[in-house]
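Let me give you the structure first, and then I'll get to my questions.
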Amino acid sequence: MKYLETAKVDPYYNLAFEEYVLKNCRDDDYLILWQNENTIVMGLHQNPYEEINLSKAEELKVNIVRRITGGGTVYHDLGNLNYSYITDWNEGRGVDFGKLLEPVTEAFREYGLEIELKGRNDLLLDGKKISGSAQTLAKNRLLQHGTLLIASDLELLSGVLHVSPDKFQSKSVKSVRSRVTNIQDYVPFPIDIQGVKDLLIDYWSRGGAFENVQLDARALGQIEKLADEKYRSKEWNFSRSPKCNYKNRKRFWGGTVEVNLDIADGRIAHCVINGDFLALQSVSAVEKKLTGMAYEKEKVVNVLREIPIQMYFGSITAEEVTSCFFEEKSDFGGKC
């Protein structure tokens, strides 16, 4: 295993750094531990206008960026530690969040904490979320990354994110605090983030060779370019917010799926699928297959049956996705 640090708290650079390593460093497993200054990080298929209180984020000078993995919107600050683990993809192994999170749960036993994997991809402490994770694939390389709430500002978090009514009964600070917590609240001494990093490195590196490495100047230049051209661009961060004449959002055990369609002359003229489902690959390929075809249930079903549904929607089934295209009942009342 090789270990890298980004040496920055710039979220646009850090996500570009992670993507570069995923797509270009193929000689070994890689671990990156990194932090962002105050930032909202959206899942790949999410709509910023529905996930974020944009005026509050602007007022508080909070950065907004979209990542390359699925899942939900999260808040990063310097009280939060992020990890990225990159390894070869083994199709027979499947999507095993728990296996790759074992070093985290084992490491925090050093603090006397029992952390459990719950639901799709969350780590819980005392029944409250301290970490969420997501995955993606690129040329048979798997990225799993996630957050660790060490001593994050949960009050600011509640102010800049829209809290979906299918997750909470209230949008109050109390509602957010009832679901997430900081690890610091369960440890009787101040937690040093560098100490946590050292501990995680120790547990992740057990059982194999471990090497601290650095990227060369050429690679760092390409990362800066990727940060400027992609992650800082309005197109990348705000493009998934279409006007539509059909909109339906439903929540399943495997996450939320929101379908936005322009329908003209009985055909799907434009299709955008948003949500916090845990995709291994961008759902844009599915959107392209659906665009231009007749808006008929049988046609949509055929497309969804032809694709490897788990690669695009995680544990959400083809039948569940189909229901979002045609059922009128939804969080938004069906038509828009």
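For A285, state whether it is in contact with a Phe, Trp or Tyr (Cβ under 8 Å, 6 or more places away or on another chain) and modelled with pLDDT of 90 or more.
So A285 passes the test.
Could you grab me the full set of residues in the stretch 206-224 that are closer than 17 Å to C25 by Cβ and either in contact with a strand residue (DSSP E or B) (Cβ under 8 Å, 6 or more places away or on another chain) or without any contact (Cβ under 8 Å) to a residue 12 or more places away in the chain (or both)?
F210, E211, N212, V213, Q214, L215, D216, A217, R218, L220, G221
Still on this structure, please answer the following. Can you tell me which condition Y3 does not meet? The list is (1) closer than 21 Å to R249 by Cβ; (2) in a strand (DSSP E or B), and all the others hold.
Y3 satisfies all of (1) closer than 21 Å to R249 by Cβ; (2) in a strand (DSSP E or B) except (1).
Tell me, please, whether a residue that is at pLDDT 90 or above, within 25 Å of the chain's Cα centre (by Cα) and under 21 Å from Y49 (Cβ atoms) can be found in the stretch 291-313.
no
Taking the stretch 32-58 on its own, how many of its residues are in contact with a helix residue (DSSP H, G or I) (Cβ under 8 Å, 6 or more places away or on another chain) and within 21 Å of D153 (Cβ to Cβ)?
Counting residues in the stretch 32-58 that are in contact with a helix residue (DSSP H, G or I) (Cβ under 8 Å, 6 or more places away or on another chain) and within 21 Å of D153 (Cβ to Cβ) gives 16.
Among the numbered criteria (1) open to solvent by 20 Å² or more (accessible area, probe 1.4 Å); (2) out of contact with any helix residue (DSSP H, G or I) (no Cβ under 9 Å at 6 or more places or on another chain); (3) of a type outside the set (S, T, N, Q), which single criterion is violated by L101?
Of the numbered conditions (1) open to solvent by 20 Å² or more (accessible area, probe 1.4 Å); (2) out of contact with any helix residue (DSSP H, G or I) (no Cβ under 9 Å at 6 or more places or on another chain); (3) of a type outside the set (S, T, N, Q), the odd one out for L101 is (1).
Hey, another quick one. Among the residues of the stretch 32-43, what is the count of those that are in contact (Cβ under 8 Å) with a residue 40 or more places away in the chain, of a type outside the set (G, A, S) and buried (at least 23 other Cβ atoms within 10 Å of the Cβ)?
Number of matching residues: 4.
Of a type in the set (S, T, N, Q), modelled with pLDDT under 95, open to solvent by less than 50 Å² (accessible area, probe 1.4 Å) and assigned to a helix (DSSP H, G or I), is that true of N248?
Here the answer is no, as N248 does not meet what is asked.
Would it be correct to say that L117 is of a type outside the set (S, T, Y), over 17 Å from G254 (Cα atoms) and out of contact with any Cys (no Cβ under 9 Å at 6 or more places or on another chain)?
No; evaluated as a whole, the condition is false for this residue.
When you scan the stretch 227-240, do you find a residue that is modelled with pLDDT of 95 or more, out of contact with any strand residue (DSSP E or B) (no Cβ under 9 Å at 6 or more places or on another chain), open to solvent by 80 Å² or more (accessible area, probe 1.4 Å) and not in a loop (DSSP other than H, G, I, E, B), even just one?
Yes.
Answer yes if at least one residue in the stretch 175-185 is assigned to a loop (DSSP other than H, G, I, E, B), small (G, A, S) and at pLDDT 95 or above, and no otherwise.
no
Name the pairs whose Cβ atoms lie under 9 Å apart, with the first residue in the stretch 98-113 and more than 11 Å from Q144 (Cβ to Cβ), the second among the basic types (K, R), and 6 or more positions between them or separate chains?
Here the result reads P103/R206; E106/R206, each pair linking the stretch 98-113 to a residue that is among the basic types (K, R).
Then there's this: Tell me, which strands (runs of 3 or more DSSP E) wholly within the stretch 107-157 include 2 or more residues that are within 18 Å of Y203 (Cβ to Cβ) and open to solvent by 10 Å² or more (accessible area, probe 1.4 Å)?
116-118, 141-149
Sticking with this one: Filter the stretch 275-301 for residues that are out of contact with any helix residue (DSSP H, G or I) (no Cβ under 7 Å at 6 or more places or on another chain) and open to solvent by 70 Å² or more (accessible area, probe 1.4 Å) and give the result.
If the condition is that a residue be out of contact with any helix residue (DSSP H, G or I) (no Cβ under 7 Å at 6 or more places or on another chain) and open to solvent by 70 Å² or more (accessible area, probe 1.4 Å), then K288, E296, E298, K299 are the ones that fit.
Further question: Across the stretch 99-122, what is the number of residues that are basic (K, R) and at pLDDT 90 or above?
Within the stretch 99-122, residues that are basic (K, R) and at pLDDT 90 or above number 1.
Filter the stretch 251-268 for residues that are on the phi < 0 side of the Ramachandran plot and either under 18 Å from the mean Cα position of the chain (by Cα) or open to solvent by 60 Å² or more (accessible area, probe 1.4 Å) (or both) and give the result.
R251, F252, W253, G254, T256, V257, E258, R267
The values are calculated or read from the model by the stated rules, or taken from the named source; none is laboratory data. Note that this is a predicted model, so its numbers are computed, not measured. So basically every Cβ, Gly included, is an ideal-geometry build from the backbone, and we count neighbours across all protein chains shown. The accessibility values were calculated without ligands, DNA or RNA, using every heavy atom of the protein model including side chains. Shrake-Rupley method; radii C 1.70, N 1.55, O 1.52, S 1.80 Å.
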